[in-house]
Amino acid sequence: MDIHVLQQIVHKTRDFRRTQTLPKYSPAERDTLIKKYHPDYRESAYRAIRFGPNAGEKTVVELAALLEGDSPVPDDFDLTPAYMTDVLVVGGGGAGCAAALHAHGQGAKVILATKLRLGDSNSVMAQGGIQVSVAPEDSPIQHFLDTLKGGHMQNDHRLLKVMVEEGPSIAKWLIELGVLFDRDADGNLHVKKGGGSSKPRLLTCSDYTGLEIMRVLKDEVLNRKIQLLEFCAVVELLSDDHGACTGAVLRDLDNQRFIVVAAKTVILATGGIGRLHIQGFPTSNHYGATGDGLCLAYRMGAKLVQIDTFQYHPSGAVYPEQLVGALVTEGIRSEGGHLVNARGERFVNELDTRDVVSSSIIRECEEGRGIRTMSGRVGVWLDTPLLEVEHGPGTLEKHFPAMVRQYERFGIDISKDPVLIYPTLHYQNGGVKIDVNGESEVRNLFVAGEASGGLHGRNRLMGNSLLDLMVFGKRSGTTAAQRATSMSQGKLTLDHLARFRAEARKHGASFSVVSPMVLPAYAKKE
Ligand code: MEZ
């Protein structure tokens, strides 16, 4: 049936729905729902990793194959360095830029390598805000408790404590650099409430918060003339006789040549894995989100944590086809947008945590209450016109200009028509195990942002990602630089790779998968 005909149920049921208050699920109901419908609980999508630091632990099959994958670098590779630096930062998103700026601020020589362009990252695509407890009725303790609850009490307490406590100083730093957060009429910072939070805590720049933060950070990296190696993907790390990290091998994607960088410390800020499309899910992630940092760190011997849990953001676009998987910010639900099934009914408190909301949407669709597009995709409605009814005409244009434009390009006016959504692969909850300064279990190898794990437990709260990458970008950049400026460059070897290959052979690995993936499997091959 035509999508415009199907939409009518949303308009017809709006007035009734506006009179409803939906309770949140009890803890027991949430558990039952998630175990039945959340993709993290589909056993067939998982397998045990056969060797390496996480041997015997389960992760999704797509990631397991890459973690066990072989390096593109041969054993007898010539390790003469083309560059020497104190700190090598890998990744040009928020965590990478923050790490590079703070390392540079310590007086260290810094190289920032990124496989695409500076700024190409999930950070620029973060829409709904950054969580910081700045409101008078809020506190870091409250932020700590909300995050812990959202993460099913599985968060690393030490990392979480650091993140919530340093939030306000990070907001101050960003404002001083020039980030224009939304403000109230009296000039105070405007805070909004996100899913799973007990207090309004989101600082926003309309619905392009990440883009605004990255505008400023990118400028700062360029102004400080930090050396950039763009279109250079890190494909292997280097180690000394004691297994400490001493640099990396990069592949220049323009001419496919390898480049060796000798670095006293390395910071991986390589982001997530959305482009692995685990379990066939579309993704909200950028083109380079292929989990490179996880594979690189794993081969070096760094332990990973909670790599069996992923975030499927409840509202990924389902229609039109060109937008499939693209993010429809949680901000719309925060401002009152209803989720509506094919019968015109609400079916979950829209501000419950993302795992609960996503599981509820999947339940509706699996039980036949979803809406099917002509191309065969299924989803539920997000009642966007409701925001205009509740808060006045022009609300969407004012608060969600990016979202309005995203749909306008395809002839859809979200102030008049609801949009069709379904969970989209958004975030990797786990990653490389780090300490409070971002250092992994491998000496001199630091990890910041989405590639690291432990902070968010089994479900990240909205807006905690931008804060995570600023806090741990800062801590890893500062610590890596202080360490590097007080030591000499270590020997460059591939000994860790020889050990990894020997172990792989013992387990009968076929060496047919090469990792890191660098670009998605469907990238055009030259
Ligand atoms: O932190 C996020 O993932 C976020 C703010 C997303 C969004 O819905 O806008």
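Relative to the longest principal Cα axis of the chain, at what angle does helix 27-37 sit, 0 to 90 degrees, rounded to 10?
That works out to roughly 70 degrees.
Once both axes come from the Cα atoms, what is the angle between helix 94-105 and the longest principal axis of the chain, in degrees from 0 to 90, rounded to 10?
Approximately 50 degrees, to the nearest ten.
Would you list which aspartates and glutamates come within 16 Å of K58, measuring only between C-alpha atoms, while excluding same-chain residues fewer than 8 positions from it?
Leaving aside aspartates and glutamates fewer than 8 places away in the same chain, those within reach of K58 are D40, E43, E68, D308.
Below 8 Å, C-alpha to C-alpha, sequence gap of six or more: please give me the relative contact order for the stretch 1-110 in percent.
Averaging sequence separation for qualifying contacts and normalising by length gives 12 percent for the stretch 1-110.
At 0.36 nm per residue, minus the direct Cα-Cα distance, what do S375 and V436 gain on full extension? Give it in nm, one decimal, please.
Between S375 and V436, full extension yields an extra 17.2 nm.
Which distance in nm do the two modelled labels at D76 and W173 give, with both placed 7 Å along the Cα-to-Cβ direction?
Calculated label separation equals 4.7 nm.
Under a point spin-label approximation (7 Å from Cα along Cα-to-Cβ), what is the S512-M84 distance to one decimal in nm?
4.4 nm
At R443 and S139, where each label point lies 7 Å from the Cα along Cα→Cβ, what is the point-to-point distance in nanometres?
4.1 nm
On full extension of the chain, what length is gained from E165 through K193, given 0.36 nm per residue of separation minus the C-alpha to C-alpha distance?
Here the answer is 8.2 nm.
Any idea what the relative contact order of the chain is, in percent, if you count C-alpha pairs under 8 Å spaced at least 6 apart?
Worked out over the chain, it gives 26 percent.
With n ≥ 4 as the cut-off for DSSP H runs, can you work out [θ] at 222 nm for the chain, using -39500 (n - 2.57) per run divided by the number of residues, rounded to the nearest 500?
-10000 deg cm²/dmol
Could you list the residues of the stretch 339-356 with an amide nitrogen less than 15 Å from a label point located 7 Å from the Cα of E29 in the Cα-to-C-beta direction?
In the stretch 339-356, the label zone of E29 (backbone N under 15 Å from the point 7 Å along Cα→Cβ) covers 346-353, 356.
Mind checking the dipole of the stretch 1-94: about its Cα centre, +1 per Lys or Arg Cβ, -1 per Asp or Glu Cβ, Debye to the nearest 20? If you can, show how the numbers build up before the last one.
Working: 12 positive and 14 negative charges, 253 e Å.
For the stretch 1-94, the charge dipole is close to 1220 debye.
Of the trypsin sites (Lys or Arg not before Pro) in the stretch 476-526, which ones lie in a loop per DSSP and count no more than 11 other C-beta atoms within 10 Å? Walk me through the numbers before you get to the answer.
Working: sites: R483, K491, R499, R501, R505, K506, K524, K525; in loops: K491, K524, K525.
Loop-located and lightly packed - K524, K525.
Tell me the trypsin sites (Lys or Arg not before Pro) within the stretch 236-276 that lie in a loop according to DSSP and have at most 15 other beta-carbon atoms within 10 Å.
R257
What translational diffusion coefficient, in µm²/s and rounded to a whole number, does the Stokes-Einstein relation yield for the stretch 281-429 at 25 °C and a viscosity of 0.890 mPa s, taking the hydrodynamic radius as the Kirkwood radius over Cα pairs? The partial results should precede the final answer.
On the way: Rh = 16.3 Å.
My calculation gives 150 µm²/s for D.
Let me check the size of the stretch 472-526 from its C-alpha atoms; what are the radius of gyration and Dmax in Å?
Every Cα atom of the stretch 472-526 included, Rg and Dmax give 17.8, 44 Å.
Show E439, E57 ordered by accessible area, largest first, where the area counts protein heavy atoms only and the probe is 1.4 Å.
Ranked list, largest accessible area first: E57, E439.
Quote to one decimal, in nm, the extra length available between M153 and E503 on full extension: 0.36 nm per residue of separation minus the C-alpha distance between them.
122.5 nm
Mean shadow of the chain, computed from the convex hull of its alpha carbons, in nm²?
Its average projected convex-hull area is 23.7 nm².
Would you mind checking the pairs K149/K193; K12/K199; K398/K474; K36/K433 and listing those with alpha carbons more than 26 angstrom apart?
Exceeds cut-off: K12/K199; K398/K474; K36/K433.
The values are calculated or read from the model by the stated rules, or taken from the named source; none is laboratory data. This structure is a prediction, so every number in the text was calculated from the model and none was measured. Because the Cβ atoms are built from the backbone with ideal geometry, glycine has one as well, and the counts that use them run over all protein chains shown. Keep in mind that these areas ignore ligands, DNA and RNA; they rest on the heavy atoms of the full protein, side chains included. Shrake-Rupley method; radii C 1.70, N 1.55, O 1.52, S 1.80 Å.
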